[in-house]
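See below for the structure under consideration.
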Amino acid sequence: MVVAISKAGLGTGAAFLSNVTWETLEKLDADLAGTGARLTYLDGCLEIMAPLSEAHEEPKNTLGQLLEIYMRMRNIRFYGRGSTTIGMKELGALKEPDESYCLGTRKSVPDLAIEITVTSGGIDTLEIYRLVGVQEVWFWEDGVISVYCLRPTGYELVSKSELLPELDLRSSFIRGSRINLIR
């Protein structure tokens, strides 16, 4: 196993390990339970992120609350899954989304995953979500929301949500919360 330690901005850090077996992942997950560390795994590569910072949690909570208000106002049935871990050994993939939602009915795989990006690099998050089958992924970075929709060939960057097509992510409702543009 190869270990590389990275110190990212804002006082957060990450460790990247390669050639990690699923059994080792499970042991590390159990050993790190309760520490706030977050694990992301893809094809033998493991990223261990330090506990989340205020720079991460504030936009995560704000975006999640605004989205839930919107869905309630529109009478859209949803089930918030939070950061429930998704993935499995057979796929060689595991990830905790920052927020995730099932629309319409409860499902084992969320329809929508939201990622708040404070640091970059690491494991290909979209590849994990593709393997698992998440229909739509939103990335928030520096006040900008990028929406990716799953296609047969992978994810495509799109101009608006296909799950919530009437949601204007450029609206003043969103801009007033410092979440202002879509890529």
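Screening the candidates THR35, THR40, THR62, THR24 for the property of being of a type in the set (Val, Ile, Thr), out of contact with any His (no Cβ under 9 Å at 6 or more places or on another chain) and within 16 Å of ASP124 (Cβ to Cβ) yields one hit, THR40. Residues in the range 20-58 that are loosely packed, with under 14 Cβ neighbours inside 10 Å and assigned to a loop (DSSP other than H, G, I, E, B) were compared, and the one that is modelled with the lowest pLDDT is PRO51.
In summary, ILE86 fulfils each of the numbered conditions (1) at pLDDT 90 or above; (2) within 26 Å of PRO165 (Cβ to Cβ) with the single exception of condition (1). Of the residues LEU131, LEU63, the single one that is more than 20 Å from ALA14 (Cα to Cα), open to solvent by less than 30 Å² (accessible area, probe 1.4 Å) and in contact with a helix residue (DSSP H, G or I) (Cβ under 9 Å, 6 or more places away or on another chain) is LEU63.
For every residue, the table says whether it meets (1) more than 12 Å from the chain's Cα centre (by Cα); (2) open to solvent by 30 Å² or more (accessible area, probe 1.4 Å).
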{"residue": "SER100", "(1), (2)": "no, no"}
{"residue": "VAL109", "(1), (2)": "yes, yes"}
{"residue": "ALA113", "(1), (2)": "no, no"}
{"residue": "PHE139", "(1), (2)": "no, yes"}
{"residue": "ASP142", "(1), (2)": "yes, yes"}
{"residue": "ARG151", "(1), (2)": "yes, yes"}
{"residue": "LEU163", "(1), (2)": "yes, yes"}
{"residue": "LEU167", "(1), (2)": "yes, no"}
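Only residues that are open to solvent by 40 Å² or more (accessible area, probe 1.4 Å) and closer than 14 Å to VAL137 by Cβ: list them for the range 66-82, please. Within the range 66-82, just ARG81 meets the criteria. For the range 98-151, name all the residues that are within 17 Å of LEU67 (Cβ to Cβ), assigned to a loop (DSSP other than H, G, I, E, B) and of a type in the set (Gly, Ala, Ser). Selection gives GLY104, GLY143.
The values are calculated or read from the model by the stated rules, or taken from the named source; none is laboratory data. In this text the structure is predicted, and so the values were computed from the model without any measurement. Using ideal geometry, Cβ is built from the backbone for each residue, glycine included, and neighbour counts are taken over all protein chains shown. Only protein heavy atoms, including side chains, enter the accessible area calculation; ligands, DNA and RNA are left aside. Shrake-Rupley method; radii C 1.70, N 1.55, O 1.52, S 1.80 Å.
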